[in-house]
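Accompanying notes for the structure given below.
What follows draws every value from the coordinates through simple rules; no lab data is involved. Everything quoted here is computed from the prediction, not taken from an experiment. Positions of Cβ are backbone-derived with ideal geometry, glycine not excepted, and every protein chain shown enters the neighbour counts.
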Amino acid sequence: MAMNLSLRDDQTAALKQRAEQEGISTHALVLRAVDDYLARMAQRAVVGETAKEQAARWSALMERLK
């Protein structure tokens, strides 16, 4: 999918600087950032679901410990 992305001037400058420091294109850097974000959100969803499952599993014990 192709898309256009509008950045502020300061964001563009920072993106170019970081890409140069890492020796990659700004395109590659943006793709990496998107991949990192998606991985973090997927992990957060797994942790949240696990927390809900464990809270339900141990709810009786937690009530007794109050």
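Could you give the angle, 0 to 90 degrees to the nearest 10, between helix 9-22's Cα long axis and the longest principal axis of the Cα atoms of the chain?
Computed tilt is about 90 degrees.
Full-extension gain between residue 7 and residue 27, please, as 0.36 nm times their residue separation minus the C-alpha to C-alpha distance.
5.9 nm
Taking the Cα-to-Cβ direction at residue 44 and at residue 64 and moving 7 Å from each Cα, how far apart do the two end points lie in nm?
3.6 nm
How much of the calculated P(r) for the chain lies past 18 Å, in percent of all Cα pairs?
The proportion of pairs with Cα distances above 18 Å equals 61 percent.
Could you give the size of the charge dipole of the chain about its Cα centre, using +1 on the Cβ of each K and R and -1 on the Cβ of each D and E, expressed in debye and rounded to the nearest 20?
I would put it at about 380 debye.
Excluding residue 26 itself, what net charge comes from residues whose Cβ is under 13 Å from its Cβ, given Lys and Arg +1 and Asp and Glu -1?
+1
Where does helix 26-57 land angle-wise versus the long Cα axis of the chain, in degrees 0 to 90, nearest 10?
So the helix axis and the longest Cα principal axis differ by about 0 degrees.
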